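Chemist: First, the structure itself, so that you have it in front of you.
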């Protein structure tokens with residue numbers, strides 16, 4: 001039909017503006033050479049998005065399974081506008097990979113839904129360390145952007 005509006009409707013989005021936002025980061029120390037790089041990329045992106053250094057609280061836990069309980073404590077403290085989960089689970093020769101991958105990610109989702117707080121999930125689940133190394137910077141940045149964008153969107157919707 002000539003003259004018809006063919007522009008498809010895009011949903012409401014929020015700009016990733018981190019000014020005045022407080023962000024908590026929970027990083028697993030297991031596979032630290034990889035999670036440190038994830039965290040560095042995440043913090044750099046948060047700062048690039050305007051989050052003040054003093055408004056970023058970064059804590060570490062032993063492994064990916066411990067991330068959700070600390071995210072829950074941070075969410076319950078009601079001091080943060082958004083959270084970020086950082087970890088790396090590399091497939092081994094046992095079923096443990098599936099347990100850690102599934103349970104840590106399910107826990108992150110549950111905390112987000114139960115407390116209505118955005119969580120940028122940067123828990124990598126990969127077959128090899130090489131796969132993780134190829135993804136850490138992008139995934140760290142993406143988690144920061146997701147957390148900030150969702151914090152802004154939830155604020156607009158409330």
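The values are calculated or read from the model by the stated rules, or taken from the named source; none is laboratory data. This structure is a prediction, so every number in the text was calculated from the model and none was measured. Note: ideal-geometry Cβ built from the backbone for every residue, glycine included; neighbour counts use all protein chains shown.
Chemist: Mind checking whether some residue in region 85-93 is closer than 20 Å to residue 16 by Cβ and within 14 Å of the chain's Cα centre (by Cα)?
Modeler: Yes - at least one qualifying residue is present in region 85-93.
Chemist: Consider region 113-158. How many of its residues are touching a helix residue (DSSP H, G or I) at 6+ places or on another chain (Cβ under 6 Å) and part of a loop (DSSP other than H, G, I, E, B)?
Modeler: Result for region 113-158: 2.
Yes/no per residue for (1) free of Cβ contacts under 8 Å to residues at least 12 places away in the same chain; (2) loosely packed, with under 13 Cβ neighbours inside 10 Å; (3) closer than 15 Å to residue 39 by Cβ:
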{"site": "61", "(1), (2), (3)": "no, no, yes"}
{"site": "64", "(1), (2), (3)": "no, no, yes"}
{"site": "74", "(1), (2), (3)": "no, no, no"}
{"site": "79", "(1), (2), (3)": "no, yes, no"}
{"site": "83", "(1), (2), (3)": "no, no, yes"}
{"site": "93", "(1), (2), (3)": "yes, yes, no"}
{"site": "148", "(1), (2), (3)": "no, no, no"}
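Chemist: Only one of these is modelled with pLDDT of 95 or more and over 20 Å from residue 16 (Cβ atoms): 103, 98. Name it.
Modeler: Sole residue among the options that is modelled with pLDDT of 95 or more and over 20 Å from residue 16 (Cβ atoms): 103.
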